[in-house]
Structures are given as C-alpha cells and as structure tokens.
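Single-structure report; data block below.
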Amino acid sequence: MELPHISKAFTQAKMRINRVAQECNRPVEKITLIAVSKKQKEDRVDASLAAGHRVFGENRVQEAQKRWSSRRYNYPDLRLHLIGPLQSNKAADAVRLFDVIHTIDRPKIAVAVAREAAQQNKYIQCFIQVNTGDEPQKSGISPYELSSFVDFCRKEIGLLIIGLMCIPPIDEEAAIHFGFLNTLASRNNLTGLSMGMSGDYEEAIRFGATHIRVGSALFGSRG
Ligand SMILES: *Cc1c(COP(=O)(O)O)cnc(C)c1O
C-alpha cells in the first residue's frame with residue numbers, strides 16, 4: 001500500500017466501525033481499533049502516526065522493542081498491545097513495553113506476568129486467550145477450564161484480567177466463535193472482548209467486540 005493510502009485506509013475502517021456500531025446500537029467509544037503493525041515497514045507505521053493513530057498491536061516482543069522504544073518518547077499517548085504468544089523469559093520486557101497483553105494462555109505465563117507487574121509496579125491489563133475451537137495445536141485456555149483459570153488469575157495471583165481474546169479456526173464460521181467468546185465473557189463477569197481481524201471485524205463488532213485487531217486492511221500486506 002502506498003503511503004497516502006494508509007491514512008485513507010484508517011479513515012475508511014473508522015467509518016465502517018462507526019456504521020456497524022450504529023447498526024447494532026453500540027457506543028463506538030467502546031470499540032478500540034488496534035492497528036496491527038507487525039512485519040510492516042517503518043514508513044507505513046510513521047504514516048499512521050502522522051494520521052493521528054496511537055493504538056498499535058505487535059506479536060513479538062523483540063520486534064516491538066526495536067520499533068517502539070524510541071517512538072514512545074515522541075508519542076507519550078501511545079497504547080501498545082501484545083497480541084502474539086509470550087514466553088516467560090520475555091515477560092519482564094513485555095510488561096515494561098506494553099500496556100495490554102492479549103495472550104495470557106497458560107498458568108505459567110499468568111504467573112510470570114503477575115510477578116513482573118508487581119515488581120515493576122505496573123497495572124498491566126490482560127486478556128485471557130481462549131481456544132474456542134478446542135484445537136489441539138492452538139494456544140489458549142480450553143473453554144472447559146476457563147472459569148477456574150479466571151479465578152486463579154484474579155484471586156490467587158492478582159492479575160488484572162479485563163477480558164477474553166480468541167482467534168477462530170480458519171476453516172470455521174468466525175461468528176460462532178465470536179458469539180461463544182461473548183457468552184464465556186458474560187459468564188465470568190468480564191466485559192472486554194478482543195476479537196475480529198481484517199476480514200471479519202464488522203462481524204466481531206456485531207457480537208460485542210471491544211477490541212478489534214486489524215492489520216492488512218490498514219497497512220496493506222505484510223513483508
Ligand atoms: C496478525 C494478527 C492480526 C491481524 O491480522 P490481519 O488479517 O492482518 O488483520 C490480528 N490478530 C492476531 C492475533 C494476529 O496475529
């Protein structure tokens with residue numbers, strides 16, 4: 001995508017978000033557009049910053065450090081979301097750099113993030129990633145174990161859980177998974193729903209998404 005097109009793509013996405021929110025009677029302020037900048041060229045990221053966008057998603061801690069550590073000084077109102085899998089040896093760096101982690105997907109990571117958050121005195125917000133399709137090779141908490149895991153995070157280790165996140169199986173109707181995640185969130189008294197990507201974010205909004213993660217529709221194809 002050429003640079004002038006990026007600001008247009010952001011405007012268009014925001015118009016679509018507005019329209020869908022209106023259609024389903026939801027306040028648009030409750031929907032955060034996370035611009036997924038992973039593997040995008042630096043000039044595209046700068047174009048989106050110039051267009052006024054401040055909320056970004058990255059899937060790897062080291063890449064994100066390289067890109068955002070210095071930019072943070074120039075843009076103090078940046079909000080950075082980690083949307084990719086986290087290893088416990090990167091937990092310290094992740095807690096330092098990011099504002100929100102979407103991929104709390106197992107007890108070990110929950111514990112590591114909670115420990116770092118306490119140590120750094122940082123109220124980092126977290127989503128629990130749910131394996132809504134119960135796919136064997138996919139990361140995320142099984143829907144069957146979710147309630148006890150939410151309890152563990154809240155009561156035993158004091159992690160600030162704000163919602164649930166899912167990545168639907170590619171060969172299935174995403175809407176089913178969005179609806180399921182919404183049900184699981186209500187059951188556990190959680191209001192945040194991180195779901196929906198370039199191809200299906202409008203559908204996700206209809207099912208209550210509060211955080212949509214959109215990459216290629218804003219920046220063009222990666223790499
Ligand atoms: C890459 C990625 C996205 C963005 O995907 P697009 O199809 O480019 O919008 C969203 N969520 C996660 C977890 C991702 O890894």
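The values are calculated or read from the model by the stated rules, or taken from the named source; none is laboratory data. Remember, it's a predicted structure, so these values are computed and weren't measured experimentally. Ideal geometry is used to build each Cβ from the backbone, glycine not excepted, and the neighbour counts take in all protein chains shown. Ligands, DNA and RNA are excluded from the accessible area calculation, which covers all protein heavy atoms including side chains. Shrake-Rupley method; radii C 1.70, N 1.55, O 1.52, S 1.80 Å.
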| remark: Among residues of the stretch 99-111 being farther than 20 Å from GLY57 by Cα and touching a residue at least 24 places away in the same chain (Cβ under 8 Å), the residue surrounded by the fewest Cβ atoms within 10 Å (Cβ to Cβ) is PRO107
| query | Within the stretch 173-187, can one find any residue that is within 13 Å of the ligand (Cβ to nearest atom) and outside any helix (DSSP H, G or I)? | reply | no
| request: Kindly indicate which of GLU202, GLU172, GLU145 is touching a residue at least 60 places away in the same chain (Cβ under 8 Å) and either farther than 24 Å from GLU63 by Cβ or among the small types (Gly, Ala, Ser) (or both). | output: GLU202
| query | Which pairs do you get when a residue that is free of Cβ contacts under 8 Å to residues at least 24 places away in the same chain, found in the stretch 127-142, comes within reach of a residue that is acidic (Asp, Glu), reach meaning Cβ atoms under 7 angstrom, with the pair 6+ apart or on two chains? | reply | SER142/ASP134
| request: Evaluate the stretch 101-110: report whether one residue or more is more than 15 Å from the chain's Cα centre (by Cα), within 28 Å of ASN25 (Cα to Cα) and within 16 Å of the ligand (Cβ to nearest atom). | output: no
| message | Quick check on my filter: what residues within the stretch 112-151 are open to solvent by 50 Å² or more (accessible area, probe 1.4 Å) and of a type in the set (A, V, I, L, M, F, W, C)? | response | ALA118
